[in-house]
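The values are calculated or read from the model by the stated rules, or taken from the named source; none is laboratory data. Everything quoted here is computed from the prediction, not taken from an experiment. Quick reminder, even Gly has a Cβ in these numbers, built from the backbone with ideal geometry, and neighbours come from all protein chains shown. Remember, those area values only see protein heavy atoms, side chains included, never the ligands or the DNA or RNA. Shrake-Rupley method; radii C 1.70, N 1.55, O 1.52, S 1.80 Å.
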Amino acid sequence: DTDALVSVLEEHQYSGAYLSELEFGKLKTDRKMTVLEIKDVTRCFVLNTENGFLSDINIRLAFISVVDAVSLAEKNSKQVSGLLPASFGGETSAGEYYKPDKAMDYLKKGLEKLNREDISVSVLTPVQYEESLKIAMQKWQQTLGVNMIISVEAVNETELIERVKKGEYDIAFYPLRSPAVNTNTTFLSSYPSFLSTVTSRLYFPAFPLD
């Protein structure tokens, strides 16, 4: 119970506790409390390779090349090169996959292979990131032009997770979250069931954000 936990903490009836972002938001901190922030979520773009368009590697590379992940980072977040957040030892990345000058070459190759003049894909995102993605999408479209139309669909996080599990998406801005915070092993072991059910249709761009 969130309210009960917060009450216990505010009455100082504890030695230590792990709080979610929601629980911490309700807590009134004081001088007797020492707060250590540990980010336990990596947000990354997940591409559905069973999608007819995204099954082509060049189409996927076209999308990856125009996404500047740093522009989507929250305050104090870092861009990392793998699935581990920096808090868990993940290596930071300098954004080496952001190469908008190569995006059109990839797109042209993909369209030729698919025998298409244009395609459209949708990015599924949690509601709180809708505006950020729409702003970023304007830059993506400036590079990709009318040959690859990208739209944004905002849903609550629970629905997003379920739709990704079912394969009902093109691209998803997905939160890989650990329910427990101890080590990088704990973080990685927290979502193998998710990966094992959908890995056959996933493609993780190498620019997740912690």
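In region 174-190, the count of residues that are open to solvent by less than 50 Å² (accessible area, probe 1.4 Å) and at pLDDT 95 or above is zero. Taking the criterion of being under 14 Å from Val123 (Cβ atoms), modelled with pLDDT under 95 and open to solvent by less than 50 Å² (accessible area, probe 1.4 Å), the residues of region 153-169 that qualify are Leu160, Arg163, Val164, Tyr169. Is there a residue in region 93-104 that is open to solvent by less than 40 Å² (accessible area, probe 1.4 Å) and modelled with pLDDT under 70? Checked region 93-104: at least one residue is open to solvent by less than 40 Å² (accessible area, probe 1.4 Å) and modelled with pLDDT under 70. Within region 64-92, the set of residues being at pLDDT 65 or above, part of a helix (DSSP H, G or I) and under 15 Å from the mean Cα position of the chain (by Cα) comprises Ile64, Ala69, Val70, Ser71, Leu72. Does Leu61 satisfy being open to solvent by less than 10 Å² (accessible area, probe 1.4 Å), at pLDDT 60 or above, under 27 Å from Ser120 (Cβ atoms) and not in a strand (DSSP E or B)? Answer is no for this residue.
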